[in-house]
Structure formats: structure tokens, C-alpha cells
1. Being surrounded by 15 or more Cβ atoms within 10 Å (Cβ to Cβ), under 19 Å from ARG128 (Cβ atoms) and touching a His at 6+ places or on another chain (Cβ under 7 Å), is that true of even one residue in the stretch 57-79?
2. Just the residues that are of a type outside the set (Val, Ile, Thr), free of Cβ contacts under 8 Å to residues at least 60 places away in the same chain, buried (at least 17 other Cβ atoms within 10 Å of the Cβ) and within 17 Å of SER136 (Cβ to Cβ), please, taken from the stretch 81-110.
3. Does at least one position in the stretch 112-131 carry a residue that is in a helix (DSSP H, G or I), among the hydrophobic types (A, V, I, L, M, F, W, C), under 16 Å from ILE65 (Cβ atoms) and in contact (Cβ under 8 Å) with a residue 40 or more places away in the chain?
4. Keeping to the stretch 73-111, report how many residues are farther than 10 Å from ASP63 by Cβ, part of a helix (DSSP H, G or I), of a type in the set (S, T, N, Q) and in contact with an Asp or Glu (Cβ under 7 Å, 6 or more places away or on another chain).
5. Could you tell me whether THR66 is in contact with a helix residue (DSSP H, G or I) (Cβ under 7 Å, 6 or more places away or on another chain), at pLDDT 95 or above and within 19 Å of ARG86 (Cα to Cα)?
6. Quick check on the stretch 111-142: of everything there that is within 13 Å of the chain's Cα centre (by Cα) and closer than 13 Å to LYS26 by Cα, which residue is surrounded by the fewest Cβ atoms within 10 Å (Cβ to Cβ)?
7. Return the residues of the stretch 23-54 that are within 19 Å of LEU135 (Cβ to Cβ), buried (at least 16 other Cβ atoms within 10 Å of the Cβ) and of a type in the set (Ser, Thr, Tyr); say none if nothing qualifies.
8. Assuming VAL87 fulfils every condition listed in (1) among the β-branched types (Val, Ile, Thr); (2) at pLDDT below 95; (3) within 14 Å of the chain's Cα centre (by Cα) apart from one, which condition is it?
Amino acid sequence: MAIHFFNEDVPQPIENSKIVTSWLKKIISENEFELEELNYIFCSDEYLHSINVSYLEHDDYTDIITFDNSEIKNTIEGDIFISTERVTENANSFKVSFQEELHRVMAHGLLHLLGYADKTESQKTEMRKKEDACLSLFSEIK
């Protein structure tokens with residue numbers, strides 16, 4: 001029952017790991033899932049690109065890749081890789097703070113583990129609503 005934060009080739013971007021951990025656990029429990037183990041790995045564009053090519057056979061840059069390692073229904077066990085360079089660029093594009101965009105992307109990866117998809121337009125709309133709800137939860141915890 002643990003959430004871990006790792007950084008590969010970038011500085012650790014989490015400002016308050018206790019608050020962020022509480023927030024993520026609240027998202028999990030409100031969706032009636034159990035936490036086994038959740039790893040967030042923060043990295044560079046190049047690091048994430050190599051994972052994208054090696055494991056998913058996608059030769060493009062992305063902000064996040066989520067691997068679901070759970071074997072039991074309604075259980076969270078996974079690895080979420082996040083490019084902090086993409087998060088910085090997205091934050092600038094959307095005119096939000098780095099931390100807000102980081103939290104959105106972290107929630108996005110967790111939502112994938114909770115069963116939400118974002119392949120179709122309607123799924124993307126639903127995902128954005130869920131991300132917004134997660135960000136609201138973060139405001140309550142702070």
C-alpha cells in the first residue's frame with residue numbers, strides 16, 4: 001500500500017510528497033479501488049521517448065506513459081512515467097503553473113489505472129472532467 005516518487009534524469013518535481021500522496025490515495029479510495037503499489041517516475045523527454053519506442057513501438061514524444069501491473073480487479077498497481085519537460089511545455093501553452101499541470105498529468109495517469117480511457121472525443125471529454133474533479137480534490141487537501 002505505497003506510493004513512490006522517483007526521478008531518473010531530472011530533479012524531483014514534487015513539492016510536498018505527503019500532501020500529494022494523500023491526494024492520490026483519496027482519488028483511489030473515492031473510486032472504490034485498493035492501492036497495492038503506485039510508482040511515479042519523473043524523467044526527461046528522451047528517457048520517456050525511449051520507453052515509448054521500446055515498449056509501445058510509438059516513435060513520438062509524450063508527456064505520460066502508464067503501465068497497469070495489477071492482476072486483481074479494482075486494485076491499483078502500476079508505473080506512471082512523466083516527462084517533466086513536456087509538463088513544462090504544456091504548462092506554458094495552457095498558461096497554468098508547472099505544479100498544476102504536473103498534478104493534472106499525475107491524475108491523468110491514475111485515471112487510466114482506474115479504467116478511464118481517452119481514445120475517442122467523448123472519452124477525452126470525460127477524462128478532462130475527471131481530471132478537473134481530481135484537481136478540485138487536491139485543493140481540498142492542501
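The values are calculated or read from the model by the stated rules, or taken from the named source; none is laboratory data. Remember, predicted model here, so these are calculated numbers, not experimental data. Glycine also receives a Cβ, built like all others from the backbone with ideal geometry; neighbour counts cover every protein chain displayed.
1. There is at least one residue in the stretch 57-79 that is surrounded by 15 or more Cβ atoms within 10 Å (Cβ to Cβ), under 19 Å from ARG128 (Cβ atoms) and touching a His at 6+ places or on another chain (Cβ under 7 Å).
2. GLU101, ARG104, HIS108
3. yes
4. Looking only at that region, the number is 1.
5. Considered against the rule, which asks whether it is in contact with a helix residue (DSSP H, G or I) (Cβ under 7 Å, 6 or more places away or on another chain), at pLDDT 95 or above and within 19 Å of ARG86 (Cα to Cα), THR66 comes out as yes.
6. LEU135
7. TYR40
8. Failed condition: (2).
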